[in-house]
1. Is one or more of the residues making up region 74-87 part of a helix (DSSP H, G or I), in contact with a helix residue (DSSP H, G or I) (Cβ under 8 Å, 6 or more places away or on another chain), modelled with pLDDT of 95 or more and not small (G, A, S)?
2. For region 173-205, which residues satisfy the criterion of being within 23 Å of Y254 (Cα to Cα) and without any contact (Cβ under 8 Å) to a residue 24 or more places away in the chain?
3. Please go through (1) assigned to a helix (DSSP H, G or I); (2) surrounded by fewer than 17 Cβ atoms within 10 Å (Cβ to Cβ) for N41 and return the number of the only condition it doesn't satisfy.
4. Which members of region 246-285 meet the condition of being assigned to a loop (DSSP other than H, G, I, E, B) and either closer than 18 Å to L136 by Cα or touching a Ser or Thr at 6+ places or on another chain (Cβ under 8 Å) (or both)?
5. Return the only residue of D176, D167 being surrounded by fewer than 20 Cβ atoms within 10 Å (Cβ to Cβ) and within 16 Å of the chain's Cα centre (by Cα).
6. Quick check on region 286-296: of everything there that is at pLDDT 95 or above and part of a loop (DSSP other than H, G, I, E, B), which residue is nearest to F31 (Cα to Cα)?
7. Select from region 149-164 the residues that are within 18 Å of the chain's Cα centre (by Cα) and not hydrophobic (A, V, I, L, M, F, W, C) and write down the one among them that is surrounded by the most Cβ atoms within 10 Å (Cβ to Cβ).
8. Got a number for residues in region 275-299 being β-branched (V, I, T), surrounded by fewer than 24 Cβ atoms within 10 Å (Cβ to Cβ) and over 28 Å from T91 (Cα atoms)?
Amino acid sequence: MITVFGSINMDLVATTPRLPSPGETVPGTGFATAAGGKGANQALAARRAGATVNMVGAVGQDEFASPALDLLERAGTDLSGVAHVEGPTGTALILVGGDGENMIAVVPGANGTVNSSQAEAAVSSLQPGDFLMLQLEVPADAVKAALVAAKAKGVRSVLNTAPLTADAAELAALADIVIANETEFELLTGRETLEPSAREALLMEMHGKTGQILIVTLGADGVIAAQGGTLHRTKGLKIEPVDTVGAGDTFCGYLAASLDSGVSFDMALRRAAVAGSLACLTAGAQPSIPLAADVDALT
């Protein structure tokens, strides 16, 4: 069982030949809307990976609320923990350049109302050994309450430190499993432009001190992780990315679902890396999340 405690958005996505520099206007080549939000993306990824998933969060009472939940609902995600509050649903304004890289601005909307009471209720339905997955697009006090409640109950917590906030380091210290990309890892540790060997050494040093499972995603260079006193490495697929939006969330959801199913850590890491690669081949966050059969055929 996996409960995802986090954000639910509608993504407004514009494509451009290249990303603009500050103050620059560039012509767009396309526009689309798609369900998103890091919490919802990870919930859908875990569900498509085969896990039983509960989504806890909030949407507004506007025209975006229903489409923001549509793919989750069709996938069979339990949405009973999603509150419908006054005001707008969260939105993400996304620019995708011709090389697949992106720039994102997130407007919290209903996500800003997610609170500690919802966090405690989310954990109350879980059993020891179940998974709680979190990100940083809802208020930090709610995330902290969820992590503390999970620790007290023996629920395994997975925190994705994105988007990186001022509270990220404090919250990361409370999680059992921490997932960061290379930029987030450097900011969390206060070390800039780490060479690969230095990054791996620092990762193992932190793991030795905390006992946490620590995972750093490196884009095309794959993934490194510290677990069980061992440094693990794996890579995804060699691809030409179309759109990297949602790739990290796909990785997180597939990792949690794989661990929840009882596979080895190395297999879970590889499966998540492959899923993240496949998510780069289709535009949009949730539409790009692959099905388990497609991932497993390439793992």
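1. No, every residue in region 74-87 fails to be part of a helix (DSSP H, G or I), in contact with a helix residue (DSSP H, G or I) (Cβ under 8 Å, 6 or more places away or on another chain), modelled with pLDDT of 95 or more and not small (G, A, S).
2. Within region 173-205, T183, E184 qualify.
3. Unmet for N41, out of (1) assigned to a helix (DSSP H, G or I); (2) surrounded by fewer than 17 Cβ atoms within 10 Å (Cβ to Cβ): (2).
4. G246, C280, L281, T282, A283, A285
5. Selected residue: D176, the only one of D176, D167 that is surrounded by fewer than 20 Cβ atoms within 10 Å (Cβ to Cβ) and within 16 Å of the chain's Cα centre (by Cα).
6. The qualifying residue nearest to F31 (Cα to Cα) is I289.
7. By that ranking, first place goes to N160.
8. 1
The values are calculated or read from the model by the stated rules, or taken from the named source; none is laboratory data. These numbers were taken from a predicted model, which means no experiment stands behind them. Glycine also receives a Cβ, built like all others from the backbone with ideal geometry; neighbour counts cover every protein chain displayed.
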